[in-house]
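The values are calculated or read from the model by the stated rules, or taken from the named source; none is laboratory data. Note that the coordinates shown come from a computational prediction; the quantities given were computed from them, not determined experimentally. Counting neighbours? That spans all protein chains shown, and the Cβs are built from the backbone with ideal geometry, glycine included. These area figures cover heavy atoms from the full protein model, side chains too; ligands, DNA and RNA do not enter into them. Shrake-Rupley method; radii C 1.70, N 1.55, O 1.52, S 1.80 Å.
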Number of protein chains: 2
Amino acid sequence: MKKKKFLLDEDQMPKKWYNIVADLPNKPLPPLHPGTKEPISPDMLSPLFPDELIKQEVSEERFIDIPEEVLEKYKIYRPSPLIRAFELEKALGTDCKIYYKYEGGSPSGSHKPNTAIPQAYYNAKAGVRKITTETGAGQWGTALSFACAQYGIECDVYMVKSSFNQKPYRKIMMNTFGANVFPSPSERTQAGRNFLAENPNSSGSLGMAISEAVEMAVQDEHTKYSLGSVLNHVLLHQTIIGEEALKQFEMAEDYPDVIVAPLGGGSNFAGIAFPFLREKLQGNKEVRCVAVEPSSCPKLTKGKFMYDFGDTQGYTPLLPMFTLGHNFEPASIHAGGLRYHGASVLCSQLLKDGIIEANAIPQIECFEAGSLFAKYEGIIPAPESNHAIAQVLREVELAKKEGTTKTILFNLSGHGFVDMMAYSDYQNGNLEEHKLTKEEIENSISKIKNLQPQEVAIT
Amino acid sequence: MKKKKFLLDEDQMPKKWYNIVADLPNKPLPPLHPGTKEPISPDMLSPLFPDELIKQEVSEERFIDIPEEVLEKYKIYRPSPLIRAFELEKALGTDCKIYYKYEGGSPSGSHKPNTAIPQAYYNAKAGVRKITTETGAGQWGTALSFACAQYGIECDVYMVKSSFNQKPYRKIMMNTFGANVFPSPSERTQAGRNFLAENPNSSGSLGMAISEAVEMAVQDEHTKYSLGSVLNHVLLHQTIIGEEALKQFEMAEDYPDVIVAPLGGGSNFAGIAFPFLREKLQGNKEVRCVAVEPSSCPKLTKGKFMYDFGDTQGYTPLLPMFTLGHNFEPASIHAGGLRYHGASVLCSQLLKDGIIEANAIPQIECFEAGSLFAKYEGIIPAPESNHAIAQVLREVELAKKEGTTKTILFNLSGHGFVDMMAYSDYQNGNLEEHKLTKEEIENSISKIKNLQPQEVAIT
């Protein structure tokens, strides 16, 4: 029998996270204070994060030890399997080898607990009693709810109001793990009240929810804030995915020519790609890494590399990144995790330096790819993951045209059990494509400069 | 680090299913023809099932080889992990060791594909072009939809109308795997039209849906019928669960004192318990096996052991089993998979002979147990599985009172991602207990004898 799944035992789990900053040819520019526009010092982040996470955020060490207590909790669902998509390959009639790393077996059903657990751990160690966060479709909020339950920390989740109303399952999951969930914008924060005063019917956005969660964290010394993507320490924690995959490819006696992952803030992509990029940057092994974004939120392929806020209200530090502008309102596609205006600093720097590639794909093509995958591989993917699968199918098609074969690895970052309505829309022909015009994008980006003069464009 | 998960490699997957008939001290009574009341011969089942499955249904061989092609498909999600519930044990403050076999990682999210795959395989081998089946909450229909997609067979699912309307997610999953789903009772069958003539607003039942699926199968020579529980060959296929668990307990250098599983038709319970019961019946190792049913559908603890139909219309053979009467309408509890009037012949015989135990638990206690489990172990269980967890907590409590410890194994037969509304009802205090009176049960059972004189009571 040909081996379909490459499994690691618990004692083979990687003991270190990988920090790509150590190997970047160009170090990323520093974050700037939103008011002074001066580089911020680590201690300025103290109201938001415990010291250990701030240290990781600014670290240039290549490897960072995973605490024993975190490894214990990772064991609840890790190591995750590397799976060869034999059934899909057969259905496609391709000689390409397709592998996927499946992160959907976690408590929240995605890769998010990989960082939720260490974040909750470091907060607990620092005596923090409550963590606030935002969530869009609910993946991140679910992961943090679970992690906080593990360490006895209270968890307040500000959930984008449209999701709160349309996706009750995710809210109930968070409640099941013991978290409090508030629809955002809410009346609980000044930021929320501001948004509501401006638009009482606002359905919310990730940027608004971040503003609310941050505001609540800075007001109380026992409360901290937690983010599920974008930041360096979040990407760092996710590298457990790629570190495992490296070991599993050794077992498979194989190596990927191309790695594909969706990119919302960047943690999904970074998680699987960064450890392989280390091998590339150190000159050991070549690999193409492709970040896939939705056509309706094309920050990597159509955005601009500049300093921008992470949130709508302008509370967060300014980060140098590919962005569509922090007031950009992405169309309400089903891949909620990819509806974010900016890309993480690290992923942005890699793209700017030509070390990784990016591609934007419309959502109907993504659901078509995901449905095919489900039928043959038996896992119904999350809408975010469908973006990776669509790119895989494009790679296979390209290989056919070129008469070549290749080994493809993608991150199946989550399952779609809680997203079946999206599949229903697809099956019933109710999925819309949201075509952004060049003018809309330019308009959104230009707004930053006109309305928020404190941003510093970098050329 | 203490080992949490015991994983088998694909090449360690058991190569044989176990047929408990070979070891039963009292062989079960034969099924009877619904009209003649005479024992049926295997060929009478030919309109419904392919020959290979009929052979398995009546086999007395102890072990039956799993075909290589089925093992290949099992590899899509098997072997499943055996997991030590360290986090739950700690939360309970118990010295008991709690293990669970997790079947929720399959394409449908439960143990059901273990039999759906071989059933689809044998049908495909026999040239069958379409399979009809019924489904309650949708677990079985999802599993068969996936299995049929693997072998290119068309799949028609008759879904209990109340579930069809209340649980759209399951329907969409079946559609995603390519199946046709019809609400039952439907206008497509004579049985359906009969039910609707009697009650145009009927919300359906599993018994009605079976009648519809059976009727469609017998009408066409290229169409067969498939059942997701109750029958001997279905229970046989599920023994892969317990066979794996036996190997995994060897790895753990441990052995269960008690095994707990929910019982709807019996395949969940049989799957995990039968291989351990072999060791017990052969005098090798003692074990208690407890089947758990909902208080609102207590066939094992309050039903009668007698011949009864598997369906409402009276199409199926008469089977000797613990039953509440085939017209019994279980309350609409959330554990849809446990809402069935009868128990499989094999489980019924084992209970009658005192080889296994049974217990009925009310649903609120089950959701309380399941929620506790979710919070600590990170898996939100299916409502059916919550019944097992509630029994585990009772076993732990009992051990505490007795001042003993024990090793407990239970079947975590599925996840609850598609059942979050049930958890919401629980959290909001909207779960009702359905208390059956003795009179209601007696009335339901007596109806069989009065209205269906062809049943033969066995004393």
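A compact table of results
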{"quantity": "Any chance B:A358 is aliphatic (A, V, I, L, M), more than 10 Å from every other protein chain (Cβ to nearest Cβ) and touching a Leu at 6+ places or on another chain (Cβ under 7 Å)", "calculated": "yes"}
{"quantity": "Subset of region A:239-258 (residues that are open to solvent by less than 10 Å² (accessible area, probe 1.4 Å) and either of a type in the set (S, T, N, Q) or part of a helix (DSSP H, G or I) (or both))", "calculated": "A:T239, A:I240, A:I241, A:G242, A:E244, A:A245, A:Q248, A:F249"}
{"quantity": "Top-ranked residue of region B:375-402 - restricted to ones that are of a type in the set (D, E, K, R) and more than 14 Å from every other protein chain (Cβ to nearest Cβ), ranked as surrounded by the most Cβ atoms within 10 Å (Cβ to Cβ)", "calculated": "B:E384"}
{"quantity": "Matching residues in region B:35-65 - criterion: being part of a loop (DSSP other than H, G, I, E, B) and surrounded by fewer than 19 Cβ atoms within 10 Å (Cβ to Cβ)", "calculated": "B:G35, B:T36, B:K37, B:E38, B:I40, B:S41, B:S46, B:P47, B:S59, B:E60, B:E61, B:R62"}
{"quantity": "Criterion violated by B:I448 - all others in (1) surrounded by 22 or more Cβ atoms within 10 Å (Cβ to Cβ); (2) under 22 Å from the mean Cα position of the chain (by Cα); (3) of a type outside the set (S, T, N, Q) satisfied", "calculated": "(2)"}
{"quantity": "Enumeration of residues in region B:58-77 that are at the interface with chain A (Cβ under 9 Å from one of its Cβ atoms) and of a type outside the set (D, E)", "calculated": "B:L71, B:K73, B:K75, B:I76, B:Y77"}
{"quantity": "Test: residue in region B:115-122 that is in contact (Cβ under 8 Å) with a residue 24 or more places away in the chain and closer than 30 Å to B:S371 by Cβ", "calculated": "yes"}
{"quantity": "Selection within region B:66-121 - of a type in the set (D, E, K, R) and outside any helix (DSSP H, G or I)", "calculated": "B:K75, B:R78, B:R84, B:D95, B:K97, B:K101, B:E103, B:K112"}
{"quantity": "Helices (runs of 4 or more DSSP H) wholly inside region A:362-459 that include at least 3 residues being at pLDDT 95 or above and of a type in the set (S, T, Y)", "calculated": "A:420-427"}
{"quantity": "Some residue of region B:99-107 being of a type outside the set (D, E) and on the phi > 0 side of the Ramachandran plot", "calculated": "no"}
{"quantity": "Residues satisfying the stated conditions in region B:22-43, i.e. without any contact (Cβ under 8 Å) to a residue 24 or more places away in the chain and over 22 Å from B:K352 (Cβ atoms)", "calculated": "B:T36, B:E38, B:S41, B:P42, B:D43"}
{"quantity": "Contacts under 9 angstrom Cβ, first residue in region B:158-169 being closer than 15 Å to B:L196 by Cβ, partner in a helix (DSSP H, G or I) and β-branched (V, I, T), 6 or more apart", "calculated": "B:Y158/B:I210"}
{"quantity": "Enumerated strands (runs of 3 or more DSSP E) restricted to region B:126-221, each holding at least 1 residues that are touching a His at 6+ places or on another chain (Cβ under 7 Å) and of a type outside the set (A, V, I, L, M)", "calculated": "B:130-135"}
{"quantity": "Subset tally (residues that are of a type in the set (A, V, I, L, M), touching a residue at least 12 places away in the same chain (Cβ under 8 Å) and either crowded, with 22+ Cβ neighbours inside 10 Å or at the interface with another protein chain (Cβ under 7 Å from one of its Cβ atoms) (or both)) for region A:1-21", "calculated": "2"}
{"quantity": "Any chance A:L32 is open to solvent by 20 Å² or more (accessible area, probe 1.4 Å), away from every other protein chain (no Cβ under 14 Å) and closer than 19 Å to A:V214 by Cβ", "calculated": "no"}
{"quantity": "Some residue of region A:92-104 being closer than 28 Å to A:Q139 by Cα, open to solvent by 10 Å² or more (accessible area, probe 1.4 Å) and hydroxyl-bearing (S, T, Y)", "calculated": "yes"}
{"quantity": "Search result, residues across region B:362-374 that are crowded, with 24+ Cβ neighbours inside 10 Å and either closer than 30 Å to B:P25 by Cα or within 13 Å of another protein chain (Cβ to nearest Cβ) (or both)", "calculated": "B:F367, B:G370, B:F373, B:A374"}
{"quantity": "Any hit, region A:421-439, residues being more than 14 Å from chain B (Cβ to nearest Cβ), more than 24 Å from the chain's Cα centre (by Cα) and hydroxyl-bearing (S, T, Y)", "calculated": "yes"}
{"quantity": "Residue match in region A:316-326 (condition: more than 14 Å from chain B (Cβ to nearest Cβ), within 28 Å of A:F86 (Cα to Cα) and in contact with a strand residue (DSSP E or B) (Cβ under 9 Å, 6 or more places away or on another chain))", "calculated": "no"}
{"quantity": "Scope region A:272-294; condition in contact with a strand residue (DSSP E or B) (Cβ under 7 Å, 6 or more places away or on another chain) and either in a helix (DSSP H, G or I) or surrounded by fewer than 22 Cβ atoms within 10 Å (Cβ to Cβ) (or both); matching residues", "calculated": "A:I272, A:A273, A:F274, A:P275, A:F276, A:L277, A:R278, A:V287, A:R288"}
{"quantity": "Complete set of residues in region B:304-340 that are among the charged types (D, E, K, R) and under 20 Å from B:S211 (Cβ atoms)", "calculated": "B:D308, B:D311, B:E329, B:R339"}
{"quantity": "Region B:325-353: number of residues that are assigned to a loop (DSSP other than H, G, I, E, B) and at pLDDT below 95", "calculated": "14"}
{"quantity": "Any hit, region A:344-354, residues being touching a helix residue (DSSP H, G or I) at 6+ places or on another chain (Cβ under 6 Å), of a type outside the set (S, T, N, Q) and more than 25 Å from A:F276 (Cα to Cα)", "calculated": "no"}
{"quantity": "Selection count, region A:147-191, where residues are of a type in the set (V, I, T) and within 9 Å of chain B (Cβ to nearest Cβ)", "calculated": "2"}
{"quantity": "Residue in region A:324-346 that is surrounded by the fewest Cβ atoms within 10 Å (Cβ to Cβ), counting only those that are over 26 Å from A:D419 (Cβ atoms) and under 15 Å from the mean Cα position of the chain (by Cα)", "calculated": "A:V345"}
{"quantity": "Failed condition for B:I83, given (1) open to solvent by 10 Å² or more (accessible area, probe 1.4 Å); (2) touching a Lys or Arg at 6+ places or on another chain (Cβ under 8 Å); (3) under 30 Å from A:E103 (Cβ atoms)", "calculated": "(1)"}
{"quantity": "Of residues in region B:218-230 being closer than 14 Å to B:G127 by Cα and out of contact with any helix residue (DSSP H, G or I) (no Cβ under 7 Å at 6 or more places or on another chain), the one most open to solvent (accessible area, probe 1.4 Å)", "calculated": "B:E221"}
